[in-house]
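Here's the structure, in structure tokens; my notes come after.
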Amino acid sequence: MIFRQIISPTGGCITYIFGCSEAGELFVIDPKYDYTNEILKLAEGLGDMKIAYIIDTHTHADHISGARKLQSLTNANVYYHEESKVSFQVERLKDGEEIKAGNVKIKVLHTPGHTPDSISVLIYDRRRDESWNEPWAILTGDTLFVGTVGRIDIGGEDSAEKLYYSLSKLKELPDYVEIFPAHTSGSVCGYGISGKPSSTIGFEKKFNQLFKINDKNEFIKRITNISLNKPKQFDENIKINIIGAL
């Protein structure tokens with residue numbers, strides 16, 4: 001299995017490219033608009049593998065998504081959760097839906113809270129587990145970061161409670177499962193995001209002060225007391241991402 005990260009030096013955005021070399025197909029998760037050419041070059045450098053699946057873990061507010069632009073250049077399908085309000089042509093994902101590409105399988109978990117359409121993406125590798133029953137990693141979008149969790153002020157009604165239940169869903173995963181969030185330090189999508197670009201479920205359950213809370217009322221109280229500045233470009237970025245930037 002091929003697995004790569006493209007990490008923004010500013011803003012902390014992370015794009016993921018992974019897939020099966022035998023099938024010749026790649027998944028691209030959370031492509032940033034500015035990195036479209038870099039994503040294409042990376043795919044070409046991997047033996048000219050085909051970008052077949054483009055997924056945004058949610059409708060981003062902090063940056064412009066490159067999903068629609070990448071789609072226009074590759075003819076790959078773009079996927080969003082069914083609750084997304086994007087208006088361009090996409091495939092609508094449901095909770096629990098799976099996509100297979102050779103020895104790689106992904107499974108979608110609906111994890112709202114940061115936004116209503118937030119998803120996390122479980123990754124399975126048949127070369128590690130022939131039964132495909134054990135995930136080895138999860139892309140957590142802006143739901144769970146290394147060291148903290150996603151902000152809730154753009155998530156709509158009951159976002160704190162929804163995030164609590166989404167995090168509870170992630171806690172059910174085995175402790176060894178690696179987590180790969182959509183942001184590292186420098187991002188405004190959460191408070192106190194670590195500079196580490198990955199972690200494990202077990203490590204975060206032990207050391208992530210918000211993730212380790214198992215009482216709903218305490219979690220809601222703690223997270224609603226966190227005050228974060230809302231950048232003025234958030235609303236404009238959301239509008240652009242709903243239409244899809246070309």
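The values are calculated or read from the model by the stated rules, or taken from the named source; none is laboratory data. This is a predicted model, so every value here is computed, not measured. Positions of Cβ are generated from backbone atoms using ideal geometry, with glycine treated the same way; all protein chains shown enter the neighbour counts. The protein model used for the area step is the full one, side chains on, heavy atoms only, and it has no ligands, DNA or RNA in it. Shrake-Rupley method; radii C 1.70, N 1.55, O 1.52, S 1.80 Å.
Of the residues Asp153, Asp142, the single one that is in contact with a Cys (Cβ under 7 Å, 6 or more places away or on another chain) and not β-branched (Val, Ile, Thr) is Asp142.
Within the range 41-53, is there a residue that is among the β-branched types (Val, Ile, Thr) and not in a strand (DSSP E or B)? Give the steps one after another, and end with the answer.
Residues of the range 41-53 among the β-branched types (Val, Ile, Thr): 51.
Now restrict to residues that are not in a strand (DSSP E or B): none.
Scanning the range 41-53 turns up no residue that is among the β-branched types (Val, Ile, Thr) and not in a strand (DSSP E or B).
So that you can scan it fast, the table gives a plain yes or no per residue for (1) of a type in the set (Ser, Thr, Tyr); (2) out of contact with any Leu (no Cβ under 9 Å at 6 or more places or on another chain); (3) outside any loop (DSSP other than H, G, I, E, B):
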{"position": "Leu167", "(1), (2), (3)": "no, no, yes"}
{"position": "Phe180", "(1), (2), (3)": "no, no, yes"}
{"position": "Phe203", "(1), (2), (3)": "no, yes, yes"}
{"position": "Lys206", "(1), (2), (3)": "no, yes, yes"}
{"position": "Glu218", "(1), (2), (3)": "no, yes, yes"}
{"position": "Asn229", "(1), (2), (3)": "no, yes, no"}
{"position": "Glu236", "(1), (2), (3)": "no, yes, yes"}
{"position": "Ile242", "(1), (2), (3)": "no, yes, yes"}
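In the set Asn208, Asn229, Asn237, Asn225, only one residue is free of Cβ contacts under 8 Å to residues at least 40 places away in the same chain and either over 20 Å from Thr111 (Cα atoms) or open to solvent by less than 40 Å² (accessible area, probe 1.4 Å) (or both); that residue is Asn225. All conditions but one from (1) of a type in the set (Ser, Thr, Tyr); (2) within 15 Å of the chain's Cα centre (by Cα); (3) open to solvent by less than 20 Å² (accessible area, probe 1.4 Å) apply to Thr36; the one that does not is (2).
To keep it simple, each residue is scored yes or no on (1) touching a Phe, Trp or Tyr at 6+ places or on another chain (Cβ under 7 Å); (2) open to solvent by 60 Å² or more (accessible area, probe 1.4 Å); (3) of a type in the set (D, E, K, R); (4) touching a residue at least 60 places away in the same chain (Cβ under 8 Å).
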site: Lys41; (1), (2), (3), (4): no, yes, yes, no
site: Gly47; (1), (2), (3), (4): no, yes, no, no
site: Ala61; (1), (2), (3), (4): yes, no, no, yes
site: Ile64; (1), (2), (3), (4): yes, no, no, yes
site: Ala67; (1), (2), (3), (4): no, no, no, yes
site: Ala76; (1), (2), (3), (4): yes, no, no, no
site: Glu91; (1), (2), (3), (4): yes, yes, yes, no
site: Lys94; (1), (2), (3), (4): no, yes, yes, no
site: Lys100; (1), (2), (3), (4): no, yes, yes, no
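Here Ile152 meets each of (1) of a type in the set (Val, Ile, Thr); (2) in contact with a Pro (Cβ under 7 Å, 6 or more places away or on another chain); (3) over 25 Å from Gln5 (Cβ atoms) with one exception, condition (2). A count restricted to the range 110-155 and to residues that are closer than 15 Å to Ile223 by Cα and of a type in the set (D, E, K, R) stands at 3. Screening Gly186 on (1) surrounded by 14 or more Cβ atoms within 10 Å (Cβ to Cβ); (2) at negative phi; (3) outside any strand (DSSP E or B); (4) under 20 Å from the mean Cα position of the chain (by Cα) shows it passes everything except condition (2). Of everything listed in (1) buried (at least 22 other Cβ atoms within 10 Å of the Cβ); (2) closer than 22 Å to Lys107 by Cβ; (3) out of contact with any Lys or Arg (no Cβ under 7 Å at 6 or more places or on another chain), the single unmet condition for Leu26 is (3).
Of the residues making up the range 140-149, none is of a type outside the set (Val, Ile, Thr) and modelled with pLDDT under 95.
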